1. Pairs only if they're at least six apart or on different chains, beta carbon under 8 angstrom, first in the stretch 71-83 and touching a residue at least 24 places away in the same chain (Cβ under 8 Å) and farther than 12 Å from Ala103 by Cβ, second of a type in the set (Ser, Thr, Tyr) and open to solvent by 10 Å² or more (accessible area, probe 1.4 Å); list them, first residue then second.
2. For a quick check of your reading of the model, give me the residue pairs whose first member lies in the stretch 99-123 and is farther than 19 Å from Leu158 by Cα, whose second is among the aromatic types (Phe, Trp, Tyr) and open to solvent by less than 40 Å² (accessible area, probe 1.4 Å), with beta-carbon atoms closer than 7 Å and at least 6 apart or on different chains.
3. Need the failing condition index for Gly154 against (1) surrounded by 24 or more Cβ atoms within 10 Å (Cβ to Cβ); (2) over 18 Å from the mean Cα position of the chain (by Cα), just the number.
4. Within the stretch 57-77, how many residues are part of a helix (DSSP H, G or I), in contact with a Leu (Cβ under 6 Å, 6 or more places away or on another chain) and either under 24 Å from Gly123 (Cβ atoms) or acidic (Asp, Glu) (or both)?
5. Quick one: in the stretch 74-89, of everything that is open to solvent by 20 Å² or more (accessible area, probe 1.4 Å) and more than 18 Å from Ala38 (Cβ to Cβ), which residue is farthest from the chain's Cα centre (by Cα)?
6. Looking only at residues that are modelled with pLDDT under 95 and part of a helix (DSSP H, G or I) in the stretch 115-127, which one is least open to solvent (accessible area, probe 1.4 Å)?
Amino acid sequence: MRRARLLLMVWLATQAIGAMAWASVAPVVALRQAGVPALQAQRLVREARASGVGATIVERWARRLSALHRQRFPVSLAVDQIFEGLMKGVSAARISGGLRVFARELAGARQTLDRHATLKSIGGHPRAVRHALSDLVIARRAGLDGGALDRLLGRRRLTVSRISAYVQVAADLRGWGVTRSDVVRTLGAARRKGISRARLLALDGVLARKAAAGQGPRDLRRMLRAGLGLPSSMGPGSLSGPGAAMGMPGAGGGAMVGPGPSAMTGSGAGMTGPGGGMSGPGGAMGRP
């Protein structure tokens, strides 16, 4: 009994010291100064403490977030990365490493966006920019580097929302096993043809169902080209083969699918393989 009481007293003292340490360094204040909203900062501190992460580590994260904030990056994307790591039980060291990688990925994504987006579509549209940066990071993780994205998006500037749609579909296609060269070639042709964002995302939703049903990369590529009205490898205008299940684009610009429910979905339609969950040691965390 005496030993049990002693152990209890030691544990209580440890908890008290930990609580005082958290109170003294004010990690919530550090997060707030890094541009994290108050409620989100408080929640992050609670989750970190519950996961056994010390206040000094949270302050280190806050410094990383502050650097992103000074560069006018959407800090919320990085905060989402931290939350995902904590929820999955990832160690503090790996979360810190993931933040370093994510900062580099964001810088590359911003460079691509600045090269290809119209200034009008960037200014005053923070949510659209945030979404586009997230999609660009995922595409880079899927193996589409800056050069591949430059070829896909072309020289003529596009709106941020259109860039986001093309990049999201590109990442989805890579996640389903379509080669990088096929993705760049096909979506580049769609962009030159002026395929709209809505039509592209609708087609992405159809392909997501086909991929879930077990269609392979080659069939998905053929379906994509048929749905976009592009010549297939079987010759222009061919309606035979796997692409026929998609039908050719209808008069309204949407792809006409065969039997079954028409689950044409929006920007969340794709089954984004890359970017989900933690990668290997030192890798970046899940979808931003």
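The values are calculated or read from the model by the stated rules, or taken from the named source; none is laboratory data. All values reported here derive from a predicted model rather than from experimental measurement. Note that each Cβ is placed from the backbone with ideal geometry, even for glycine, and that neighbours are counted across all protein chains shown. Ligands, DNA and RNA are stripped out before the accessible areas are found, and what is left, the full protein with its side chains, is counted by its heavy atoms. Shrake-Rupley method; radii C 1.70, N 1.55, O 1.52, S 1.80 Å.
1. none
2. Qualifying pairs under 7 Å: Leu99/Trp61; Leu106/Phe73.
3. Status for Gly154: all satisfied but (1).
4. So the count comes out to 1.
5. Among those that are open to solvent by 20 Å² or more (accessible area, probe 1.4 Å) and more than 18 Å from Ala38 (Cβ to Cβ), it is Gly89.
6. Ser121
Each row is one residue, and each column tells you yes or no for (1) in a loop (DSSP other than H, G, I, E, B); (2) surrounded by fewer than 22 Cβ atoms within 10 Å (Cβ to Cβ); (3) in contact with a Gly (Cβ under 7 Å, 6 or more places away or on another chain); (4) among the aromatic types (Phe, Trp, Tyr).
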residue: Ile138; (1), (2), (3), (4): no, no, yes, no
residue: Leu149; (1), (2), (3), (4): no, no, no, no
residue: Ser161; (1), (2), (3), (4): no, yes, no, no
residue: Arg174; (1), (2), (3), (4): no, no, yes, no
residue: Gly214; (1), (2), (3), (4): yes, yes, no, no
residue: Met223; (1), (2), (3), (4): no, no, yes, no
